Amino acid sequence: IAGKITGDRNYKQKFAKAEERLLERGWRVLSPAKLPDDLPYEKYGPICCAMIDGSDAVYFLRDWTQSPGAVKEYIYAGKRDVEILFERKE
């Protein structure tokens, strides 16, 4: 899952809802929202790239374009030929 985390006080709930929907559809889910909160910002990027490397697809939440990190993940996933999926409006 990729989406805006920094500056979103409710990101854990948002990511958890997305994870629940994906699990119901039979996906195995890796979520950056489950990483420790207290790492330096620059440590998250390499971890998220490793998560993408171990994935068949990346599910981008609606707010992903508002996140510089998620935009980088989009570019990274595209270069790795990982399937890119987008959250639809409900």
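Residues of region 60-69 that are in contact (Cβ under 8 Å) with a residue 60 or more places away in the chain and open to solvent by 90 Å² or more (accessible area, probe 1.4 Å): 66 alone.
Spot the failing condition for residue 6; the list is (1) open to solvent by 30 Å² or more (accessible area, probe 1.4 Å); (2) over 11 Å from the mean Cα position of the chain (by Cα); (3) within 19 Å of residue 89 (Cβ to Cβ), and only one is missed. Just one mismatch for residue 6, condition (3). Within region 40-90, the residues that satisfy the criterion of being of a type in the set (Lys, Arg), out of contact with any Gly (no Cβ under 7 Å at 6 or more places or on another chain) and at pLDDT 95 or above are 43, 62, 79, 80.
Taken together, 18, 57, 2, 33 contain a single residue that is touching a residue at least 24 places away in the same chain (Cβ under 8 Å), touching a strand residue (DSSP E or B) at 6+ places or on another chain (Cβ under 7 Å) and more than 16 Å from residue 82 (Cβ to Cβ), which is 18.
Entry remark, region 18-42: residues being surrounded by 11 or more Cβ atoms within 10 Å (Cβ to Cβ) and not acidic (Asp, Glu) number 12 in total. Evaluate region 41-51: report whether one residue or more is in contact with a Cys (Cβ under 6 Å, 6 or more places away or on another chain) and either touching a residue at least 40 places away in the same chain (Cβ under 8 Å) or over 13 Å from residue 3 (Cβ atoms) (or both). Checked region 41-51: no residue is in contact with a Cys (Cβ under 6 Å, 6 or more places away or on another chain) and either touching a residue at least 40 places away in the same chain (Cβ under 8 Å) or over 13 Å from residue 3 (Cβ atoms) (or both).
Here residue 72 meets the list (1) closer than 14 Å to residue 1 by Cβ; (2) surrounded by fewer than 17 Cβ atoms within 10 Å (Cβ to Cβ) almost entirely, failing just condition (1).
The values are calculated or read from the model by the stated rules, or taken from the named source; none is laboratory data. Owing to the predicted nature of the structure, the values given are computational and were not obtained by experimental measurement. Here Cβ is always computed from backbone atoms with ideal geometry, including for glycine, and neighbour counts include all displayed protein chains. Just the protein is used for accessible areas: all its heavy atoms, side chains included, with ligands, DNA and RNA removed. Shrake-Rupley method; radii C 1.70, N 1.55, O 1.52, S 1.80 Å.
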